[in-house]
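None of the figures in this text is laboratory data; all of them are computed from the coordinates on show. As the structure is a prediction and not an experimental result, all values here were calculated from the model. With ideal geometry, Cβ positions are generated from the backbone for all residues, glycine too; neighbour counts draw on all protein chains shown.
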Amino acid sequence: MISIANFATAVNMPESTLTGIGRAQGVTDARHAIWYVMRASGLSYNRIAQVFNRKHCTVLSGVRRFTQLLKFKDREAVRLYDLINHIDINNMSVKQQILVINPPQYRQKTCSFQYTDFNCPACSGRGYFTPVEVKKDVFKKEKCDFCGGSGRLEAHVTVEWMPENLKSKKNGKRVNSSGRKGNSPSGFGSIE
Ligand SMILES: [Zn+2]
């Protein structure tokens, strides 16, 4: 399921306007910008046409027009592109996980946790950076080196236990029990 809700929010227009038939300049530009980003993200012209209830050739010429506008650094095109180019077409929500820690068994000094399936923020989960059009309709993708092209990250967390104050003496300053300087409820750390 492809959602254009994030695009609509980013360009500050209702979804119904974007998918509707209105042809005011601002709306057309925004629509073409979105098609361009969707196409560059690997969606087929047919799929985009389906989402926007358009003909394949309409989407094709819209993407071509926007490609030209970007090439000539048209101000409005660049502005729209900057607004939406980071958006993940799969509409993944931001994932947050909470780690609750309690001291382990006697003499066990560390405990480890693994958190998987985070969306890679460097490439917005695409696995590659914003593709560059090398020739007509041919996009070259550069693999994301943060997630190795998988679009996903996992976190490995190791918690080290020791007598209180030892760590703060080592660092020469006092930190609270969550290991942060800010006000965090003790024992809870937010992992992102
Ligand atoms: Zn990545």
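Figures for the structure shown
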| read-out | value |
| --- | --- |
| Anisotropy class of the stretch 99-144 from Cα gyration tensor, a/c 1.5 cut | prolate |
| Vicinal HN-Hα couplings computed from phi for the stretch 5-17 (Karplus, 6.51 cos²θ - 1.76 cosθ + 1.60; Hz; Gly/Pro x) | 4, 5, 5, 4, 5, 5, 8, 6, 9, x, 3, 5, 5 |
| Three-way shape call for the stretch 5-84 based on the alpha-carbon gyration tensor, with the a/c threshold at 1.5 | rounded |
| Ranked list, fewest to most other Cβ atoms within 10 Å of each Cβ, for MET162, MET38 | MET162, MET38 |
| Under the Karplus curve 6.51 cos²θ - 1.76 cosθ + 1.60, θ = phi - 60°, whole-Hz ³J(HN,Hα) for the stretch 120-129, x wherever Gly or Pro sits | 6, x, 5, 10, 6, x, 7, x, 8, 7 |
| Built amide H within the under 5 Å cut-off of CYS120, gap 5+ | GLY125, ARG152, LEU153 |
| Listed residue (ASN12, THR58, ALA40) projecting farthest to the positive dipole end of the stretch 5-84, Cβ model | THR58 |
| Gain on full stretching of the segment that runs from THR9 to ARG64 - 0.36 nm per residue minus C-alpha separation | 17.4 nm |
| The stretch 5-84, relative contact order in percent, only Cα pairs under 8 angstrom and at least six apart counted | 35 percent |
| Dipole in debye (nearest 20) - the stretch 1-135, about Cα centre, beta carbon charges: Lys, Arg +1; Asp, Glu -1 | 300 debye |
| Per-selection Rg to Rh, the stretch 1-153 - Cα, Kirkwood hydrodynamic radius | 1.13 |
